[in-house]
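See structure below.
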Amino acid sequence: MRDVSDTATRPVKAVSALRKNTLGLRHAIVISVAVMSPAASVFFNTIPQAGYVGAALPLCFVIGFIIALVVANQYSEFSRELPSSGSAYTYVTEGLGPRMGFMTGWIGLMAIAIGVPYSFVLLAANLQTLMQRWFGLNLHWSFWFVLALGIAFALCYMGVRQSMNVDLTFLAIEIGICLILAAIVLFRVGQQGGLTIAPFTLTVVPANGNLIGGIIFAVLSFIGFETAATLGEETQDPHRNIPRAVFGSMVVVGIFYIIMAYVGTVGYGINSMATGFANDPAPFDTITRHYGNPLLAVLIDLVGILSFFSAALAIINGGSRIIYTVGRDGLLPPWTAVLHSTRRTPVGSIVALCLFGLVVGLPLGFLMQPINAFAFLGTLDALFVMVIYGIVGIASIRFFWRKRRSQFRLVRHGIIPVLGTLFIVVIFALLIISPGAFPLSLVPYVLLIWLALGGVLLFVLRDKLA
């Protein structure tokens, strides 16, 4: 069996390596935070979530935060030992062998690719609405889709540092404006004596509510925390900084989620969450107009756009590096491992992701309408990512037991990975059992077809993976 830790850093013929020591800890944190798209997750994921749990949104995010930290442990431990742009692909290859590594890369390929049209389709629809509202400019959403995707491509092509600086700027604006809204709402509600710990208790869950469903939405809001691992070959002191980035991004976003979930709950009204908030297409816009002013409402609308764009930018950056690594190992066409001659960005993979986003996002948006395409792609992406999380959990146990026995710790490398994997299996099973109405009902079948295709390719490549 080949040593993947060597292939993870050995370039193929005529391809230079990614530029080392280009990025700092802040960039690694930013890419993970951006993929989690904190503002967009709070603005949109909480709507169906409130239908399940009513005013218990903050409680769900506290529990979801704990579960996400348990799952993040495996990525943190792996990245400390194997800093590689391949992320889960490299970890599973080292832990479970090249065949499972290939399947992880195959599953990850779809999870990465889906993230591009998933982010841009709703971004474009929101831009169409806001441009008409602000300026009376009624251009079709497909125009904004192509324009935003083109800008993202240009930024990623220029270089990871430049595009990460854009993400950092947008995230600072996004989180800053949200926290200004939070301060205003908490001050106003506090003046009225409306601050309470009730949203952190089970007493506010509706009689016909579903706490498990609410927790699942909270956990799904953390998907993307692991993206920092894709910068393992370009970050300074990756053995130290990548694990810190994985947990650092999780802590930043986890605290943000809990604050904003509480603000949304007390701001909208505890007794109105299951009936009002859950049926409001833009509840935080409603809250802003009630407690703030028209300018702040405009800024909150802008924050949603910036959040989606930041996420898409980070997905292209992180995803292209995983595809590059798999291609560098000879398991994808050689052009996926092509780097820019001077910038040393994985231009082949960046082009592939953006083209996929174009040819998938536009047709699905026209066929299903943007909001339905967003829900379909988002649910499908969540299922693929859940599969990867589960495999990484199993791989971490085997890797540290067999290859790092002297470092093996029962809690960190045994109990926590088992718990994390069990959490993921339960969430995955619930998503499969009840994916939702059409077109969401198609999601399990798409997943099975993709896994079957991966099995066929695994058979074809069996000699190369021996």
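The values are calculated or read from the model by the stated rules, or taken from the named source; none is laboratory data. The structure presented is a predicted model; accordingly, all values stated were derived computationally and were not measured. Because the Cβ atoms are built from the backbone with ideal geometry, glycine has one as well, and the counts that use them run over all protein chains shown. Keep in mind that these areas ignore ligands, DNA and RNA; they rest on the heavy atoms of the full protein, side chains included. Shrake-Rupley method; radii C 1.70, N 1.55, O 1.52, S 1.80 Å.
For the range 272-429, the Kirkwood hydrodynamic radius comes to 19.8 Å, computed from all pairs of different C-alpha atoms.
Where does the range 341-466 land on Rg/Rh, using Cα atoms and the Kirkwood Rh?
Details: Rg = 18.9 Å, Rh = 17.7 Å.
Rg/Rh: 1.07.
Computed over every Cα-Cα pair of the range 222-269 and binned at 5 Å starting from 0, the pair-distance distribution P(r) comes out as 5, 21, 21, 16, 12, 9, 7, 5, 3, 1 percent. Both the radius of gyration and Dmax for the range 94-201 are 20.9, 61 Å, in that order, over alpha-carbon atoms.
Largest first and in whole Å, the equivalent-ellipsoid semi-axes of the range 142-210 read 40, 19, 12, each the square root of five times a Cα gyration tensor eigenvalue. Counting charges near S87 (Lys, Arg +1; Asp, Glu -1) among other residues having Cβ under 15 Å from its Cβ returns a value of -4.
With all protein chains in place and a 1.4 Å probe, the accessible surface of the range 188-252 carries 59 percent carbon and sulfur.
Whole-Hz Karplus values for the range 133-149 come out as 5, 7, 10, x, 8, 9, 9, 4, 4, 5, 5, 5, 4, 5, 5, 5, 5 Hz, taken residue by residue from phi with 6.51 cos²θ - 1.76 cosθ + 1.60 and θ = phi - 60°; glycine and proline positions read x. To put it simply, the accessible area of the range 312-382 at a 1.4 Å probe is 74 percent carbon and sulfur.
Legend: residues R402, R344, R240, sorted from most to least accessible area (1.4 Å probe; ligands, DNA and RNA excluded), read R402, R240, R344.
Using a 1.4 angstrom probe, figure out how much accessible area the chain has per residue, in square angstrom, rounded to the nearest whole.
Details: 18260 Å² over 466 residues.
Result: 39 Å² per residue.
The Rg/Rh ratio of the range 321-387, with both radii computed over alpha carbons and Rh defined as the Kirkwood radius, is 1.09. Computed with the Debye formula from one identical point scatterer per Cα of the chain, without solvent, the log10 of I(q)/I(0) at q = 0.06, 0.10 Å⁻¹ comes to -0.24, -0.70.
Tell me, how many Å apart are the Cα centres for the range 136-203 and for the range 341-395? Here the answer is 21 Å between Cα centres. Dividing the helix sum by the residues of the chain, where each DSSP H run of 4 or more adds -39500 (n - 2.57), gives a mean residue ellipticity at 222 nm of -24000 deg cm²/dmol.
For the range 225-295, what is the relative contact order in percent, using Cα pairs closer than 8 Å and at least 6 residues apart in sequence? Working shown, then result.
Working: 25 pairs, mean separation 15.2, N = 71.
Relative contact order of the range 225-295: 21 percent.
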